[in-house]
């Protein structure tokens, strides 16, 4: 484990090669079994409430029925998650060519929303544990095997792949220092500086 400006980082975060391959995984991280959706920050609830009138226009009927019955999210302060359809898919998923996609992200990229998606989704497969100091950890799931293969084949590290959400969370200055510290922990670092 290492520390960058009082943020603890578990070593696998620095060493894993990872780049999403949704054409192979079909957006599996948005449809995992278990009945709990994406973790939400308390302040993200307002973004979801505000965006929902637009987001609802592209959601499947079954997801809208789930939202009507159970709401957009569940939990309590400090522990909210998005609601799930049928204990699997996040209710904010829509399907495009049989791939689970985030409705927030689609509408953000089209310029119809000013919020991309929940931070936990943007950061995945990095999770943030809160305690004495925030701690970043890599969460490995079988559904992301294609991302590990692509990362290995294209030599893309998780730290580079997630530059945008990590900067979104901690800022550009922190990210630059984090990236340097992460690179120094890789087995091939000593060869690259010789």
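Taken together, the values in this text are just the output of simple stated rules run on the coordinates, not laboratory data. Bear in mind that the values here come from a model prediction, so they are computed numbers and not experimental data.
Quick notes on this one:
- Shape call, the stretch 27-122: gyration tensor on alpha carbons, a/c limit 1.5: rounded
- Each part reduced to its alpha carbon centroid, the stretch 82-104 and the stretch 9-54 end up 11 Å apart.
- Relative to the longest principal axis of the Cα atoms of the chain, the long axis of helix 61-70 lies at roughly 90 degrees.
- Helix 172-183 and the longest principal axis of the C-alpha atoms of the chain enclose an angle of approximately 50°.
- Angle in degrees between helix 145-154 and the longest Cα principal axis of the chain, rounded to the nearest 10: 40
- For the stretch 103-194: rounded, prolate or oblate by the Cα gyration tensor [a/c cutoff 1.5]: prolate
- Calculated semi-axes √(5λ) of the Cα gyration tensor in Å (choose from [x] 31, 19, 15; [y] 22, 20, 17; [z] 29, 19, 14), label: [x]
- Between 62, 44, 105, the residue with the greatest mean-square fluctuation in the GNM of the chain (Cα pairs under 10 Å linked by springs) is 62.
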